[in-house]
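See below for the structure under consideration.
Each value in this text was obtained by applying a stated rule to the coordinates, not by laboratory testing. Predicted model, so just to flag it, every value in this text is computed and none were measured. A quick note on method: Cβ atoms are made from the backbone with ideal geometry, for glycine too, and the neighbour counts reach across all protein chains shown.
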């Protein structure tokens, strides 16, 4: 294990703390709900969905949060503005703490940003995401929304390398500063099937240089692999666990683990990795967790 020389920022987003040195805080878990073709969604355009099943999924995840100590931030997805409002209302009234608004298109994201400002939810929201290709209309909407936290997606298709991701981040930090984002979270961006390695090293480099909370949706690499080779469910779960743990060993502060249905496997693997990291940091650096609700104190209990 290692300790970063630069100061590591810790952001408190509506009660969820994220960032810091390895071993100080549990990895924050981000699972997606109402995503494209999610079976609980009955009508993607109007936002009709099975509330009972949605509540059941959120309740099961909440139980895993209590069991492992890993906090959650729910990723609320939508493809249409009308549906987005219904999804946002449901999540805001069903869970405590922060949530992500994750629109499939620029127009949907703008509608979501405007809506959370209108209904007074901006302080609970993380915007997903600001990319180097963001347009002025979306920048303006974000400025007006009063949203103070956003995911910065280090997308660099012309230079899909670790260095390319860091170059994209320089531009993103300027844009975020212009908008007024006070709590940026850096997503080091999966672009290809073997990317968990470069993505994880990019997380390390981001924290090393900027001290910002960093993570990624590493499951995307495994999903693309599965689509090509038809991985069975057992191998898929193993591959996802390996990918997630690789990033945590390199310092990840949050994991976008994919569909909320994947929570049991994701929380188990991530909490175990957190415990191993914390134990090592305590031995080598005398660095203790900043919370008693850390996996090191929970997952080895009977």
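Worth a mention:
- Cα-based convex hull volume of segment 49-111 per residue, rounded to whole Å³: 80 Å³
- Considering every alpha-carbon pair of segment 194-291, the percent of pairs per 5 Å bin, from zero through the bin containing the longest distance, is 2, 13, 22, 23, 19, 11, 6, 3, 1.
- The helix-based estimate of mean residue ellipticity at 222 nm for the chain, built from -39,500 (n - 2.57) per DSSP H run of four or more residues and divided by its residue count, is -15000 deg cm²/dmol to the nearest 500.
- Theoretical gain in end-to-end length, residue 192 to residue 284 [0.36 nm per residue, Cα-Cα removed]: 29.6 nm
- Where the alpha-carbon atoms of the chain are placed on the principal axes, they occupy 52, 42, 40 Å, in descending order.
- The chain: relative contact order as a whole-number percent, Cα under 8 Å and 6+ apart: 24 percent
- FRET efficiency, 1/(1 + (r/R0)^6) with R0 35 Å, evaluated for residue 301 and residue 4 via beta carbons: 0.70
- Extension gain (nm, one decimal) between residue 171 and residue 292, 0.36 nm per residue minus Cα-Cα: 39.8 nm
- When only alpha carbons are used to place a centre, segment 169-220 and segment 20-38 end up 14 Å from one another.
- Calculation over all alpha carbon pairs of segment 77-214 in 5 angstrom steps from 0 returns a P(r) of 2, 11, 21, 21, 18, 14, 10, 4, 0 percent.
- Extension gain from residue 45 to residue 235, taking 0.36 nm per residue of separation minus the Cα-Cα distance: 65.0 nm
- P(r) weight above 22 Å for segment 1-90, C-alpha pairs, percent: 42 percent
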